[in-house]
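The values are calculated or read from the model by the stated rules, or taken from the named source; none is laboratory data. Predicted model, so just to flag it, every value in this text is computed and none were measured. FYI the Cβ positions are ideal-geometry reconstructions off the backbone, even for glycines, and counts take in every protein chain you see. These area figures cover heavy atoms from the full protein model, side chains too; ligands, DNA and RNA do not enter into them. Shrake-Rupley method; radii C 1.70, N 1.55, O 1.52, S 1.80 Å.
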Amino acid sequence: MWADVVGQEPAVAQFRRAASPEGSLAQAWLITGPPGSGRSTAARAFAATLQCEQGIGCGQCRACRTTLANTHPDVTVVATDKLSIAKDEVRALVMTAQRAPATGRRRVLIVEDADRMSAGTFNVLLKSIEEPPPSTVWMLCAPSAEDLAPTIRSRCRSVTLSVPPSDVVAELLRRRDGVDEKLALRAARAAQGHIGLALRYATQEGALAAREESARTLLGLRGSGEAVLAAQGLVERATSEAKEHADQVAVEEKERFLHSAGIEDGKVPPSLRSQVRQLEEDAKRRQTRLVRDVLDRYLLDAHSVLRDVLGRQLGTASELVNVEVSAEIEQAAARGSGRITLGLLEAVQEARDRISGNVPPLLAIEALLARIAVSLR
């Protein structure tokens, strides 16, 4: 079960020690780490270890296999692709936490992206985190401890994951997903340790090529007009990608709802129309979140390109992340200065903060690209 938790040896040792008969098992855990570091994978492996018939997370017994497949009756996982985790979801989770295990040794509750809970939602969770039943274990996953309310994080045992090295991620792609060695290394380097993103680059046709083209476009901007057009095209592509995925999920959820309600002709009775409207609202929130995620992925790529430029300007010996556009990086480094590039790196982070703070994405991206275009002339 721990084979896919790569580059996290200290954290794995802590989990295993806690799950052992001699260890001290806390009833609430906070698993933090950068996006793509494997927080949810580590939480699931820990849950399987707690349920394992051998007590080691063997990966072969029924408890391990059902935990991995999300079908274990005593392991509940909450994940969301919307803007936030609703209070009703957390209330249902708290009620589940009060039940005794049905078949396993523990009742385990995993909350992925716990940072998407509001302050009011944290209050709903607090009592159960403070005084859970003896057999209940909570696992909250978030990018950092500061993303959760102080009252929550003070009651959890913290485990911090780090960004796994690119060669370790590449080895995982080769071993687990059968990716060619050269492609795995290229994808892992481009993803900068983000395991999920590395898999996307390695398996989705055209993903790496699109990333390289975006890098060339970024370094080739020469005026505000080009920046505005580039920003508009980027936001349109992000919106189209998000809408396609959100629409697909919405159709599947509506079909499941109609089937569970016994509706075969598509005619929803008045008593159920509010629930259908709720599904439509959820689809809109999902699309908003996906647009932000796509744009944030682009901004992280832009950050890596500018960091490569800064490295060349400062004369560091660090390896380029964006090797395929090394010529363009050298040219940009020769045109500017380290001070200017450092300011652009700060501008990228500012754009990320603005988008997460509900500034219209197009305005945030336009402002960033216009500044880059002027600075890299």
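In the calculated pair distance distribution of the stretch 1-132, what percentage of Cα-Cα distances lie above 18 Å? Percentage above 18 Å: 55.
The trypsin sites (Lys or Arg not before Pro) found in the stretch 219-284 that occupy coil by DSSP, while having at most 10 further C-beta atoms within 10 Å, are Lys267. Averaging 1/r over every pair of different alpha carbons in the stretch 197-257 and inverting the result gives a Kirkwood radius of 13.9 Å.
With a Förster radius of 22 Å applied to the C-beta separation of Ser24 and Ala102, the computed FRET efficiency comes to 0.30. For an R0 of 30 angstrom, estimate the FRET efficiency from the Cβ-Cβ distance between Ala119 and Arg285 and round to the nearest 0.05. The value I calculate is 0.95.
Site pair Phe257 and Glu346 shows an inter-label distance of 4.7 nm when each label is modelled 7 Å from Cα along Cα→Cβ. For the stretch 202-355, the carbon plus sulfur part of the accessible surface works out to 50%, probe radius 1.4 Å.
Taking the Kirkwood radius as Rh and the Cα radius of gyration as Rg, the stretch 244-372 has a ratio of Rg/Rh equal to 1.25.
Using a probe of 1.4 Å, the accessible surface attributed to Cys156 totals some 20 Å² when neighbouring protein chains are kept in position. Projecting the Cα atoms of Pro10, Val108, Ile195 onto the charge dipole of the chain, computed from C-beta unit charges around the Cα centre, puts Val108 farthest toward the positive end. Its relative contact order, with pairs defined as Cα atoms under 8 Å and 6+ residues apart, puts the stretch 1-109 at 22 percent. Take every pair of alpha-carbon atoms less than 8 Å apart whose residues are at least six positions apart; their mean separation over the length of the chain yields a relative contact order of 17 percent.
Global dimensions of the stretch 91-215 from alpha-carbon coordinates: Rg and Dmax equal 19.4, 54 Å. Straight-line reach from Lys243: taking Cα to Cα under 21 Å and skipping same-chain neighbours fewer than 8 places apart, the lysines in range are Lys82, Lys254, Lys284.
Ordered by 1.4 Å accessible area with all protein chains kept, Thr316, Thr71 run largest first as Thr71, Thr316. Among Gly120, Gly196, Gly338, the largest mean-square fluctuation in a Gaussian network model of the chain (Cα springs under 10 Å) belongs to Gly120. Figure legend: label point modelled 7 angstrom from the Cα of Glu130 along Cα→Cβ; no residues of the stretch 46-90 have amide N under 12 Å from it. When the chymotrypsin sites (Phe, Trp or Tyr not before Pro) in the stretch 1-85 are filtered for DSSP coil states and for at most 15 other beta-carbon atoms within 10 Å of their beta-carbon, no site remains. Only helices enter the 222 nm calculation for the chain: every DSSP H run of n ≥ 4 contributes -39,500 (n - 2.57), and dividing by all residues gives -19500 deg cm²/dmol, rounded to 500. Summary: within the chain, the longest segment free of GluC sites (Glu not before Pro) located in DSSP loops with at most 15 other C-beta atoms within 10 Å is 54-204.
Accessible surface calculations at 1.4 Å, restricted to protein heavy atoms, place the stretch 1-148 at 43 Å² per residue.
Check the straight Cα-Cα distances from Lys87 and name the lysines below 18 Å, setting aside those fewer than 8 residues away within the same chain. The qualifying lysines are Lys127.
Taking amide H as placed 1.01 Å from N in the peptide plane, the amide H of Arg157 sits under 5 Å from that of Ala28, Trp29, Leu30, each at least 5 places away or on another chain. Projected onto its three principal axes, the C-alpha set of the stretch 19-67 covers 31, 24, 12 Å, listed from the longest axis down.
GNM remark for the chain: springs join alpha carbons under 10 Å apart, and the peak mean-square fluctuation among Thr49, Thr32, Thr203 falls on Thr203. Could you compute how fast the chain diffuses translationally, taking Rh as the Kirkwood radius over C-alpha pairs and applying Stokes-Einstein at 10 °C with viscosity 1.306 mPa s? Give it in µm² per second. Stokes-Einstein gives a translational diffusion coefficient of 69 µm²/s.
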